[in-house]
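Following: one structure in structure tokens, then a few remarks.
What follows is calculated from the coordinates using simple rules that are stated; it is not laboratory data. Predicted, not measured: the structure shown is a model, and the values here were computed from it. Here Cβ is always computed from backbone atoms with ideal geometry, including for glycine, and neighbour counts include all displayed protein chains.
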Amino acid sequence: MTILKFSGEVAEFYQRYRRGYPAEVLDALVAEFGLGAEDTALDLGCGTGQLTLPLAARTRSVVGMDPEPDMLAQARKAAAGVPNANWLVGADSDVPALEALLGKGTLGAVTIGQALHWMDHETLFPVLHSLLRPGGGVAVLTNGAPMWLHDSPWSRALHDYLSGWLGQPLVRTCGAEQEEQDRYRASLEAAGFIAGETIVEYEDEIDLEFVIGAVYSATPEDRLPKPDERARFEERLSVAISPHAPFVEPIQVRILTGRKG
Ligand SMILES: C[S@@+](CC[C@H](N)C(=O)[O-])C[C@H]1O[C@@H](n2cnc3c(N)ncnc32)[C@H](O)[C@@H]1O
């Protein structure tokens with residue numbers, strides 16, 4: 001079952017404060033799947049287009065697909081002037097219907113960025129195998145651990161502040177755990193893909209506004225601080241983490257690939 005939590009204001013925060021993927025990540029996808037000007041790619045769980053838009057620059061056309069209309073509305077806005085980006089409302093369970101639209105063996109790549117944990121991957125991967133051309137493949141990406149789970153004083157202070165505010169410790173890492181990655185890899189292989197992995201690492205220094213925006217982008221709409229509570233929330237967050245500035249975030253992008261032989 002899909003639990004939608006990226007609606008309303010959260011979609012706006014996602015578009016503004018979730019970082020995209022560096023060029024090295026796109027280079028790795030192009031190299032692994034031999035992507036080029038003839039290819040169509042599908043970005044499933046595209047959100048506000050973090051991967052869809054750079055993929056559009058490397059392919060003939062790209063389809064960004066997501067069940068949350070508010071995320072797609074933000075993606076469309078961000079894609080103004082990108083004529084080969086197309087948007088479809090739909091979840092992983094709607095992907096089989098794409099075969100009738102696109103035909104078997106037609107896609108160069110399917111990317112799934114920070115979204116596979118919402119999907120039934122064991123059902124999905126065989127369908128994707130059929131949709132992909134030989135040499136093309138699936139890429140499952142994680143875009144760094146949540147900023148409150150890093151091993152640094154500012155991140156620990158953020159974690160403690162958010163846990164106190166929510167009344168529970170924050171632990172979820174959206175599919176980044178090794179166990180989950182191993183399950184995805186086994187599932188890709190069971191569907192007939194040749195699995196591989198690429199890791200891209202870099203550091204980014206962010207400011208307080210970005211920290212707050214990123215926290216809001218990861219908070220379900222009904223749990224965001226109410227507008228009249230927001231100034232107090234932000235002030236307290238600032239008091240908790242500012243002594244530990246600068247806020248340097250280590251980003252590890254993991255790209256699990258499954259290539260169709
Ligand atoms: C964390 S965002 C990832 C956005 C973007 N791909 C990225 O890498 O930043 C997860 C997205 O998955 C979408 N999603 C949730 N359930 C889904 C499903 N069953 N099938 C496809 N997408 C889904 C959400 O609506 C949301 O936009």
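Computed from Cα positions, the angle between helix 23-33 and the longest principal axis of the chain comes to roughly 30 degrees.
Within the same chain, lysines fewer than 8 places from K226 are excluded, and of the rest, those with a Cα less than 25 Å from its Cα are K5.
Centre-to-centre separation between the Cα atoms of the stretch 102-123 and those of the stretch 47-90: 15 Å.
Normalised by the number of residues in the chain, the average gap of Cα pairs under 8 Å and 6 or more apart makes the relative contact order 24 percent. One equal scatterer on each Cα of the chain, no solvent, Debye formula: the resulting log10 I(q)/I(0) at q = 0.09 Å⁻¹ is -0.41. Under a Gaussian network description of the chain, with springs only between Cα atoms under 10 Å, the residue in P246, P96, P69 that fluctuates furthest is P246. Shape analysis of the stretch 122-252 based on the Cα gyration tensor places the equivalent ellipsoid semi-axes at 36, 17, 13 Å, largest first. Using only the alpha-carbon atoms, how far is helix 208-217 inclined from the longest principal axis of the chain? Give it as 0 to 90 degrees, nearest 10. Helix 208-217 and the main axis of the chain meet at about 60 degrees. The residues packed around L98, meaning those with a beta-carbon under 15 Å from its beta-carbon, carry a net charge of -3 if Lys and Arg are +1 and Asp and Glu are -1.
Classify the stretch 53-125 as rounded, prolate or oblate from the Cα gyration tensor: take a ≥ b ≥ c as the square roots of its eigenvalues, call it rounded if a/c is under 1.5, otherwise prolate when a/b beats b/c and oblate if not.
oblate
In a reduced charge model with +1 at each Lys and Arg Cβ and -1 at each Asp and Glu Cβ, the stretch 54-142 shows a dipole moment near 540 debye about its Cα centre.
Given only helices, namely DSSP H runs of n ≥ 4 each adding -39500 (n - 2.57), what is the per-residue ellipticity at 222 nm of the chain, to the nearest 500 deg cm²/dmol? Estimated from H runs of four or more residues: -11500 deg cm²/dmol. Taking every DSSP bridge with both residues inside the chain, close to 50 percent are antiparallel.
Straightening the chain between Q178 and T106 buys 22.8 nm, computed as 0.36 nm per residue apart minus the Cα-Cα spacing.
For a footprinting-style exposure proxy, rank S130, S187 by other Cβ within 10 Å, fewest first.
S130, S187
Here the dipole of the chain is about 460 debye; that uses its Cα centre as origin and unit charges on the Cβ of Lys and Arg (positive) and Asp and Glu (negative). Among 39-49, 71-81, 134-144, sorting by the average number of other beta carbon atoms lying within 10 angstrom of each residue, highest first, gives 39-49, 134-144, 71-81.
Of all aspartates and glutamates in the structure, the ones whose alpha carbon falls short of 14 Å from that of K260, not counting any fewer than 8 places away in one chain, are E32, E189.
Summing Lys, Arg as +1 and Asp, Glu as -1, what charge do residues with Cβ under 11 Å from the Cβ of V62 carry, V62 excluded?
Computed value for this residue: 0.
Helix 230-241 and the longest principal axis of the C-alpha atoms of the chain enclose an angle of approximately 90°. Taking other C-beta atoms within 10 Å as the exposure proxy, T198, T257 rank T198, T257 from fewest upward.
Sorted fewest first by neighbouring Cβ atoms within 10 angstrom, E68, E180 come out as E180, E68.
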